[in-house]
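Written out below as structure tokens is the structure these notes cover.
The values are calculated or read from the model by the stated rules, or taken from the named source; none is laboratory data. These numbers come from a predicted model, not from an experiment. Here the Cβ is made from the backbone with ideal geometry for all residues, glycine too, and neighbour counts use every protein chain on show. Remember, those area values only see protein heavy atoms, side chains included, never the ligands or the DNA or RNA. Shrake-Rupley method; radii C 1.70, N 1.55, O 1.52, S 1.80 Å.
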Amino acid sequence: MSAIRCHQLSLAIGKRQLLSNISLELPGNKLSVLLGPSGSGKTSFLRVLNRLHDDTAGARVSGELTLSLSGQTIHPYHHGTDPVWLRRRVGMVFQHPNLLPGSIGHNLRLPVQLVKNPPRAELAQRIEAALREAQLWDEVCMRLDAPAASLSGGQQQRLCLARALILQPEILLLDEPTVSLDTQASSDIEALITSLKCRYTLVMVSHNPVQAKRLADKIIVFRDGSLVDS
Amino acid sequence: MHRKPVAAAFSGLLALTISLPVLAADIDVFKGLSGKLDIAGGTAHIPVVQDIARQVSKSNPAIRISVTGGGSGVGVQKVGEGLVDIGSTGRKVSAEEIARYQLKPFHFALDGVAVAVHPSNPVKDISLEQLRDVFSGKTSNWKALGGADAPIHRYGRDEASATREVFVGKVLGKDTAPAAKTTLVSSNGAAKSAIARDKGAIGYLGMGMLDQSIKPLSVGGHAPTQQNALSGDYPIVRGLYFNTKGEPAALPAAFLRYLKTNEGQAIIRNHGYIPAF
Amino acid sequence: MSERLLATAAAFAGGIAACAVFAILALLLWLGLPLWRDPALLISLAGSSWNPAAGEIGLASMAAGTLLLAASALLLAYPCGLLLALSTLGLAPRPLAAAMRTLLALLSGIPTVVYAFVSVWLLVPWLRDSLGLGMGYSWLAAALTLGVMLTPTVALLLSGALSPTFTRLQAAGDALGLSRVQLLLWVVLPAERRALLSALLLSSGRAVGDTLIALMVSGNAIWLPANPTEPLRTLTAHIAITLAADTQSQAYAAIYAASLLLLAYVALVHFLTASLSDESAHRH
Amino acid sequence: MNPRTVIERTVVALSTLLAAAFAGLLLLILGFLLMGAWPALNGRLLFGDAPAWPALSGQVPVWDGLWPALAGSLMLVTLAIGIALPLSIAAGIHQAEYARGRRGRLAYTLVDLLAGMPSIVMGLTGFMLILLLRNILPEANTSLLLAACCVALLVLPYLVQATRVSLHQLPAELRLSAQALGLSQSQAILHVYLPAASPGILSGCILAIGRALEDVAVILLTGVVAETGLPGSLFDKFEALPFFIMVTAAEYRDEAQLARAFAAALLLMSLSALLFATARQLQKRSLS
């Protein structure tokens, strides 16, 4: 069953055509890797999936996109779809760790409180669960109040992952999550991603064919805003 | 009597202290009253009002008196618009002003407008004609007045000032415009401190403001004393007024009544003015 | 719901902030109605003779006084500010440059009234008694005071505007073997011509808007000074002085016109600055 | 010598000279004020002859002391910032996050114009408004409240600009991640953007406090007086330090009062130095 399906999907910002006529299907609970040189449209495509281009001036998306979330078919770009609601179901991790200013705990607490507002007792559980899932719990459980910026690069990226996971998304978008990390931290993240793919639909952008081959269930290659047949 | 003589000040103070036990009733005109009394306007009045405010605050802390200057124009404007309770002026308010704002003037003291120079200036006397020439800009060197060969530095007041109005009216008359090149200061006090610091200065201010830091000139041979002002020998004289909009309310009325008491008159005298009662 | 609430509250506050200018403008225009209706008065406004008793309410000498004072103060403040900005950027040795920035910030934080006060007690007597330059209260005294007051502000403004470019080009300059002063003078300054100009405009707005120094130090004579040792009167000081007049009088009405003149100047400066930054935005 | 070299050397020499001159100027001002203020720098400076504690709360009137002016200034600044801050943060949010296109640009322009407005014009407007208001509400008068409102209007544009600029300068990644987390716009603004922008807003706020503290032209017309003691309510007239300095510079009654004006200038300078130090500390903390 495919979790993400698009047909003739195009994106233009102003006069620049970033994506043209993308048609593809990505499988659920699998890891799909988007591959291609920089500027080929991988990241733009990823951001189309959670409507992150909405606030970009002059951005236009055309074509068809459907996501399958909890067995329901969702049309992200239909009028009735709330982008905020969509983004809560489709989590995202960026190239560089995008931490909120504040402590480690704050980075997890703030989104979950604002989005789900669980009772206090459950909040701590959720934080622990997300940190365990991101394999960070043992390293930070004693210092949740420390500034998030005091973590190492790899830890920060796992914190971002935990922050996405704590909202219990079904689809997780990963935009070159290992690009700013050293070899050891990269392989930690890769192992983590592999362990997540049975529970989430993962879409990852990568510019490294070796990494893609190592991890992917499906590989999509982009060039100049279009798909390359693989 | 060139300056406010120490003796007079002393006797005023003495009168005040001696009279205190006997006239303890004077300040009682404020008894039982409370609230605020805002006074603004003529700058010659400020020392008098400040003194009274201190007396009142000692005996009746429930009364709050605020005082600020700005000039007589401000006094008329603010009391007319109802922004303050009493507007003080260094001149009689005009019939037009009375009609427009329903002002009720209260004449409480007489003040001469003195002409003063720096203490080091050798000039002692000036005639009305010479004064006119100086302030209209015709004369601009002290040599013409028997002083050193140095330029005359004119200090005047802005248009809101009654001191200016009286001085210009009595000295220059209607047809002569005051010299444009006159440094303008904002109060009687400011005129005094400016003259005291400038060797070439000449300026005018209320007689009550005179002290040893500046040297008053006699005009046409008449020394600028309040006695000469009262007798009419000294030519430039004006009245000091407190004006209310309509009949004064309880607190302003008490203030005006207090001025008439011995204690109030002592304060007026103490600041170099002659009570008009 | 809270979405709407925040958007509405923000829009409301934004509206208040934006409408304030219109409100002030409308109020001044409306209050000045008697002036605009009377052609004779309007003509008199443009004249240079101020004698309200005779119906003459000319603002020309005050307008000229404002321009003279602002221009001369900037003549002092702008070059000094520029030199000081350069010295904080890199001409001074590093620890000294940091101390300089602190000094400039401290100086720019000194209240205007303190500058004016010190000037009344220090500069004015010095000009009058030691140098024998007239009465002391003068165009010169006010220009010096205003210039000294503006200098640190100009310096901070310029160093803020120049420092990104300087930092960006520093490595390249070092690689080319340029000294700091060479990099600043021949590369950074020409590249930031517009920033230099807009800082000048911005500080001219401050110079024109100052009331206190003009009021306390310039002597306030209604008179166009023939040389800097003579007193002058600015529009702002004129407003402050004339406020004491009868609110219904023509003299009072003239201060609405004076206020509008000042506003017109502020608007002119703003639009010049805006057009500068627009053009530079287009170029990049 | 190459003419360029001459220019370079002149610039270096002049800038060093100027730096020294301005350092000297600060010392000169400080020394001069200190000398003038010396006779007044004693236990009686703030409260005159009044006992300190009762005078502090206004139970006993203070004559010949700076306390009423200092307290008046502090009350004025607190009130003005209290009025301006919420309003201008909301307006700044509107301009940075909601207002777009032509209307957004117009809003910027108007606030920038307000920032350039001479303060005396602001004061005149406040005064005329109260005269008009008196037609409807005869009790309205120039007072602490009116002055605070006008001063709030004076500092409003600085605060709006500070809020707007700090929000604009937030890194794009922060916005993306807040959105990717599924925060609604208002949630992102209130819980992510505003906290992240707060150092910038705070330093704008300190600048605004400095402006409010030193202003004379606005309060001149809207409620400040030469002598009244502590204001008993928002509707009373009040004293203020800068106004006291201005008036006393011209019309001091005796040397003691003049010395107090010097001391007041020194006090005002210390207050602004204190503000500056606070701003420094905040900047350091936000950097770390």
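Quick rundown of the values:
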quantity	calculated
Chain B - percent relative contact order, Cα under 8 Å, separation 6 or more	30 percent
Region D:234-288, accessible surface, carbon-and-sulfur percent (1.4 angstrom probe)	64 percent
Accessible area that becomes buried as C packs against D, both chains, 1.4 Å probe, Å², nearest 100	6100 Å²
Accessible-area composition of region A:2-229, carbon plus sulfur, in percent [1.4 Å probe]	48 percent
The protein assembly as shown: calculated mean residue ellipticity at 222 nm from DSSP helix runs of at least 4, using -39500 (n - 2.57)	-17500 deg cm²/dmol
Between 0 and 90°, nearest 10: helix C:250-283 axis offset from chain C longest Cα axis	20 degrees
For residue D:227, residues with placed amide H under 5 Å, excluding near neighbours	B:67
Cβ-derived FRET efficiency at R0 51 Å, residue C:194 paired with residue B:98, nearest 0.05	0.25
Protein heavy-atom accessible area occluded, B/D pair - total, 1.4 Å probe, Å²	2200 Å²
Carbon and sulfur %, accessible surface of region D:43-166 computed with the full protein complex present, 1.4 Å	65 percent
Angle in degrees between helix A:104-115 and the longest Cα principal axis of chain A, rounded to the nearest 10	60 degrees
37 °C / 0.692 mPa s Stokes-Einstein diffusion coefficient of region D:1-40, Kirkwood radius on C-alpha pairs, µm²/s	268 µm²/s
Of C:163, C:259, C:130, the one that fluctuates the most in a GNM where chain C has Cα springs shorter than 10 Å	C:130
Euclidean distance between Cα centres, region C:199-274 to region D:235-270, Å	24 Å
For residues of B:173-185, the mean tally of beta carbons on other chains within 10 Å	5
Sequence-distant residues sharing a close amide H with residue A:219 (under 5 Å, placed H)	A:33
Pairs beyond 18 Å (Cα-Cα), from B:31/B:78; B:92/B:245; B:170/B:199; B:143/B:174; B:92/B:215; A:42/A:218	B:31/B:78; B:170/B:199; B:143/B:174; B:92/B:215
Chain D: DSSP helices with Cα axial extent of at least 24 Å and average Kyte-Doolittle hydropathy no lower than 0.0	D:3-37, D:67-93, D:119-136, D:144-168, D:194-214, D:255-287
Cα centroid separation - region D:6-21 against region A:115-183, whole Å	55 Å
5 Å-binned pair-distance histogram of region C:62-283 (Cα, whole percent)	1, 7, 13, 15, 16, 14, 12, 9, 6, 4, 2, 1, 0, 0
Over the protein assembly as shown, volume per residue of the alpha carbon convex hull, in Å³	209 Å³
Per-residue ³J(HN,Hα) for region C:222-232, Karplus 6.51 cos²θ - 1.76 cosθ + 1.60, θ = phi - 60°, Hz, x for Gly and Pro	7, 5, 8, x, 7, 8, x, 7, 9, x, 9
Relative contact order for chain C, counting Cα pairs under 8 Å that sit 6 or more residues apart, in percent	25 percent
Amide hydrogen neighbours beyond the local backbone of residue A:146, cut-off 5 Å, H modeled	A:104, A:105
Two-decimal log10 I(q)/I(0) for region A:73-230, as the Debye equation yields it once each C-alpha is a single scatterer, q = 0.20 Å⁻¹	-1.34
Accessible surface, region C:62-283, averaged per residue in Å² (probe 1.4 Å)	35 Å²
Over 29 Å [Cα-Cα, region D:44-287], rounded percent	39 percent
Tilt relative to chain B, helix B:6-22 - C-alpha long axis, 0 to 90 degrees, to 10	10 degrees
Accessible area buried between chains D and A, both sides summed, probe 1.4 Å, in Å² to nearest 100	1600 Å²
